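Comments concern the structure below.
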Amino acid sequence: MRLPFAAFTHRQHSVKLSPAHMTDQLAHQANDIRGLDLDPRTRCVHYHSPLDIIAIKMKCCGRYYACRDCHIALADHPIAVWPRAEFDRHAILCGACKRELTINQYLQSASRCPACTAPFNPACANHHHFYFEAVGK
Ligand SMILES: [Zn+2]
Ligand SMILES: [Zn+2]
Ligand SMILES: [Zn+2]
């Protein structure tokens, strides 16, 4: 895959381009995220539109992954979905501001980060059942 020049330089100098000083302090969390071809906003080789900026902590191993397909590629075990009783756990990382959201906060966010208002991908709602116990059934 060829990257546009801007994306390439962003990857090389991600820390310098951080919009706020406090994101530097939180940046170490981003380094714990696993994924294929991960960029500074937690986008991966599978999902890399400007809106695909969240990472999800997996119930099975407690590690952040960029997406389910990255977990399949890199982990040695099947995904476990979060049960509804644990939707108050912090399991979503906003790739824009690096803050952690609870699953409830994410599900109620209307596709925007409640902390920094960065837009999330509304199409992710089609994939929620890969990560979270089905809601409303
Ligand atoms: Zn896992
Ligand atoms: Zn991925
Ligand atoms: Zn945010």
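Take residue 40 and decide whether it is in contact with a helix residue (DSSP H, G or I) (Cβ under 9 Å, 6 or more places away or on another chain) and in a loop (DSSP other than H, G, I, E, B). Yes: the conditions hold for residue 40. Pick from the stretch 65-76 the residues that are within 24 Å of residue 102 (Cβ to Cβ) and surrounded by fewer than 22 Cβ atoms within 10 Å (Cβ to Cβ): which of them is farthest from ligand 3 (Cβ to nearest atom)? The selected residue is 75. Among the residues of the stretch 51-61, are any surrounded by 16 or more Cβ atoms within 10 Å (Cβ to Cβ), in a loop (DSSP other than H, G, I, E, B), among the charged types (D, E, K, R) and in contact with a strand residue (DSSP E or B) (Cβ under 8 Å, 6 or more places away or on another chain)? So far as the stretch 51-61 goes, yes, one or more of its residues are surrounded by 16 or more Cβ atoms within 10 Å (Cβ to Cβ), in a loop (DSSP other than H, G, I, E, B), among the charged types (D, E, K, R) and in contact with a strand residue (DSSP E or B) (Cβ under 8 Å, 6 or more places away or on another chain). Restricted to the stretch 78-110, and to residues there that are of a type in the set (Gly, Ala, Ser) and either loosely packed, with under 14 Cβ neighbours inside 10 Å or touching a residue at least 12 places away in the same chain (Cβ under 8 Å) (or both), the residue that is nearest to residue 47 (Cα to Cα) is 95.
Rule-based calculations on the coordinates, nothing more; no lab input. Since this is a predicted model, take the numbers as computed values, not measurements. Cβ sites come from the backbone with ideal geometry, for glycine too, and all protein chains shown count toward neighbours.
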